[in-house]
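Structure, as structure tokens:
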Amino acid sequence: MPIVFYHGSKDWNIPKSIPDLKPYPPNTRLLIHSLDYILVDLNKISSKRIVKEFYDDICLLSAILTLKNIFKDFNDLKPILRNLLVAETKDCIYIIINYIALAKKDLKTVENILEEVGGKEKMMTLTEKWRIEGLQQGIEEGIKKQLKDDIKEAIEIKFGEVMEDINTKIESIKSVEVLKNIYRTVIKVSTLEELKNYINNL
């Protein structure tokens, strides 16, 4: 039973079945499939209904609300993180924080929001636990990898190729902020030569 669970930033506009092709060509009717599927579009489900359905499972509720709001402003995620910290759902809070940081590519802002909604003392405890478990470093490395992949994909789409020297330079960069600036530059420059000069001068 095919099910599509969707929470993207744009409207879902893919047909749920192949348009009716009648009259079918001779002897092909049995070979044509409708490809029907069940669509669960999180954008079409209200937050009120989600809370009503999953109110007794704070972890699952927080995860679904995070997916629903991940493409919105950081402020929309504050109530979710606040509830997680209040409930002290340690089993899932790190997974959700990890997802938010990777999706937003901004661990620092996530940490600031956690400190704002949970208090400095609790945030320090969380940060210390991350360091002990290696989670903070893992999140940062995940963000860097995603940014590098995004940069190379943007270069390929815009200029048709990622030159070996540019690829090597991108892979050698360890700063999230520098990687963000490169991504912005890829969008702004008109030629591959401009981009190459910018990266080589970093």
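Every number here is computed from the coordinates shown, using simple stated rules; none is lab data. Note that the coordinates shown come from a computational prediction; the quantities given were computed from them, not determined experimentally. Please note: Cβ atoms are built from the backbone with ideal geometry, for glycine as well, and neighbour counts cover all protein chains shown.
So the values come out like this:
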| quantity | calculated |
| --- | --- |
| GNM top mover of Ser190, Ser62, Ser17 - the chain, alpha-carbon springs below 10 Å | Ser17 |
| For the chain, convex hull of alpha carbons as volume per residue, Å³ | 197 Å³ |
| Cα-based convex hull volume of the range 29-128 per residue, rounded to whole Å³ | 145 Å³ |
| Candidates Ile187, Ile32, Ile157: whichever shows maximal mean-square fluctuation once the chain is modelled as a Gaussian network with Cα springs under 10 Å | Ile32 |
| Estimated distance in nm for a label pair at Lys169 and Lys145, the labels positioned 7 Å out from Cα along Cα-to-Cβ | 2.5 nm |
| Among Pro15, Pro79, Pro25, residue whose mean-square fluctuation peaks in a GNM of the chain (springs only between Cα atoms under 10 Å) | Pro25 |
| Sparse-neighbour loop sites [chymotrypsin sites (Phe, Trp or Tyr not before Pro); the range 38-89; at most 14 other C-beta within 10 Å; DSSP] | Tyr55, Phe71 |
| Where only C-alpha atoms are counted, convex hull volume of the range 112-202 per residue in Å³ | 107 Å³ |
